[in-house]
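In what follows, a single structure is set out as structure tokens and then discussed.
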Amino acid sequence: MSRRVPREEAWALLTEWVESPSLRRHCQAVEAGMLAYAERAGLPEDDRELWGVTGLLHDADYERFPDMDDAENGHPRSIMRELEARDAPPEMVRAIATHADYLGVPRESDMEKTLAAVDELSGFLVACAAVRPEGINGLTPKSVKKKLKQPSFAAAVNREEVRAGAEGLGVDFDEHVAFVIAALEARADELGLHGAEAAA
Ligand SMILES: [Fe+2]
């Protein structure tokens, strides 16, 4: 029998395994997007927590085990194993597997598709916010799309995955971008996304 993994436990695990503030922030940003989509779908509280925690932990082993070619421990195998050892819900473990394309686990559930759609995009939005004095506030899909077309901007973000993620979820790209921006904006304090203007 699996059990729920409470948010506090997930946060403790994340902060134990991840030192990097930017990786922690990425995980929190994905959590924010997952929670927003779970809420929009009208899911019950337990499911919303499951979606949020899955987002929060999807990259929790990336700092310790970044080598995806390490078939034993490489990301995300270590966090999947840890969650299995904790009797986490199998759908959480499976969703984390599906966000790593190279593991070859197809995305089937809404939660899995949402994770893929939110993951690369939220990384890109955080990068966009970082170069604006207003941070995430007032960021528009139009300006995001413009930046997506500049290969040198946030070059580590795979544009194809950003597009494919939204497509896999079956949402309009602009709406998806606006929706995730709003989710991040709502948690801009916690994520430090208010930009230089707020800091000044
Ligand atoms: Fe990620």
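The values are calculated or read from the model by the stated rules, or taken from the named source; none is laboratory data. Only a predicted model underlies this, so the values are computations on that prediction, with no experimental measurement involved. Neighbour counts run over all protein chains shown; Cβ positions are idealised from the backbone, glycine included. When the accessible area is computed, the model is the full protein with side chains, heavy atoms only, and any ligands, DNA or RNA have been set aside. Shrake-Rupley method; radii C 1.70, N 1.55, O 1.52, S 1.80 Å.
A few comments on the model shown:
- Global geometry of the range 4-57, whether rounded, prolate or oblate, following the gyration tensor of its Cα atoms and the 1.5 cut on a/c: oblate
- For the range 55-111, the square roots a ≥ b ≥ c of the C-alpha gyration tensor eigenvalues yield an a/c of 1.5 or more together with a/b not exceeding b/c, which makes the shape oblate.
- The tail of the calculated P(r) for the range 133-200 beyond 17 Å holds 50 percent of all Cα-Cα pairs.
- Peptides 92-99, 22-29 ranked from most to least packed, by the mean per-residue count of other Cβ atoms within 10 Å: 92-99, 22-29.
- The GluC sites (Glu not before Pro) of the range 1-96 that DSSP puts in a loop, and whose beta carbon has at most 16 other beta carbons within 10 Å, are E19, E63, E72.
- Solvent exposure of the chain as accessible area per residue, Å², 1.4 Å probe: 49
- Around A183: net Lys/Arg minus Asp/Glu count, Cβ-Cβ under 11 Å: -1
- Prolate/oblate/rounded label for the range 65-200 (Cα gyration tensor, a/c 1.5): prolate
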